[in-house]
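Here's the structure we're looking at; comments come further down.
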Amino acid sequence: QVQLVESGGGLVQPGGSLRLSCVASGSIFSRYIMNWYRQAPGKQRGLVATVTPGGKTNYADSVKGRFTISVDAANSTVYLQMNSLTPDDTGVYYCNAARLNLVAWGQGTQVTVSS
């Protein structure tokens with residue numbers, strides 16, 4: 001069973017940056033699609049960024065050009081670099097691993113963008 005642990009959230013001012021980390025239990029990146037989701041207060045959880053086992057990335061329109069998803073396979077870690085943050089980026093960020101009918105979620109990390 002895949003286990004995911006996120007870290008790196010916190011309070012940041014508008015225009016600032018944060019890097020989220022998600023450590024996976026074992027070497028899964030060659031088999032699983034890795035995703036970052038975000039759930040803002042009072043809203044449904046939505047997909048923010050994806051990286052496939054082949055290294056292809058995809059982003060929600062709202063974060064294109066500001067967020068970057070990357071993988072460090074040697075350390076079993078997937079990152080989400082977030083730049084030019086706005087209050088609309090506030091929410092709980094979840095790491096997700098998906099393969100066929102297998103899905104794993106992390107516990108989430110809170111990101112708050114506020115002055």
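Points worth noting:
- Given (1) of a type outside the set (Asp, Glu); (2) in a strand (DSSP E or B); (3) surrounded by fewer than 20 Cβ atoms within 10 Å (Cβ to Cβ), index of the condition ARG31 fails: (2)
- Number of the exception - PRO41 against (1) touching a Ser or Thr at 6+ places or on another chain (Cβ under 9 Å); (2) more than 18 Å from GLN1 (Cβ to Cβ); (3) part of a strand (DSSP E or B): (3)
- Counted residues, region 59-70 - those being open to solvent by 60 Å² or more (accessible area, probe 1.4 Å) and either part of a strand (DSSP E or B) or not polar (S, T, N, Q) (or both): 4
- Yes/no for PRO14 being surrounded by fewer than 17 Cβ atoms within 10 Å (Cβ to Cβ) and either in contact with a helix residue (DSSP H, G or I) (Cβ under 7 Å, 6 or more places away or on another chain) or among the β-branched types (Val, Ile, Thr) (or both): yes
- Top-ranked residue in region 42-58 [being under 13 Å from the mean Cα position of the chain (by Cα) and open to solvent by 50 Å² or more (accessible area, probe 1.4 Å); ranked as farthest from SER30 (Cα to Cα)]: ARG45
- Residue check, SER114 surrounded by fewer than 18 Cβ atoms within 10 Å (Cβ to Cβ), in contact (Cβ under 8 Å) with a residue 24 or more places away in the chain, within 12 Å of GLY15 (Cα to Cα) and touching a helix residue (DSSP H, G or I) at 6+ places or on another chain (Cβ under 9 Å): yes
- Hits in region 86-104 (condition: within 16 Å of SER27 (Cα to Cα), in contact (Cβ under 8 Å) with a residue 12 or more places away in the chain, open to solvent by 60 Å² or more (accessible area, probe 1.4 Å) and touching a strand residue (DSSP E or B) at 6+ places or on another chain (Cβ under 9 Å)): ARG99
- Taking the conditions (1) in contact with a Leu (Cβ under 9 Å, 6 or more places away or on another chain); (2) open to solvent by less than 20 Å² (accessible area, probe 1.4 Å) in turn, ASN83 satisfies each one other than (2).
- Subset of region 71-87 that is in a loop (DSSP other than H, G, I, E, B) and small (Gly, Ala, Ser) - its residue that is farthest from TYR59 (Cα to Cα): SER76
The values are calculated or read from the model by the stated rules, or taken from the named source; none is laboratory data. Remember, predicted model here, so these are calculated numbers, not experimental data. Quick reminder, even Gly has a Cβ in these numbers, built from the backbone with ideal geometry, and neighbours come from all protein chains shown. To get the accessible areas, we keep the full protein, side chains included, count just its heavy atoms, and leave off ligands, DNA and RNA. Shrake-Rupley method; radii C 1.70, N 1.55, O 1.52, S 1.80 Å.
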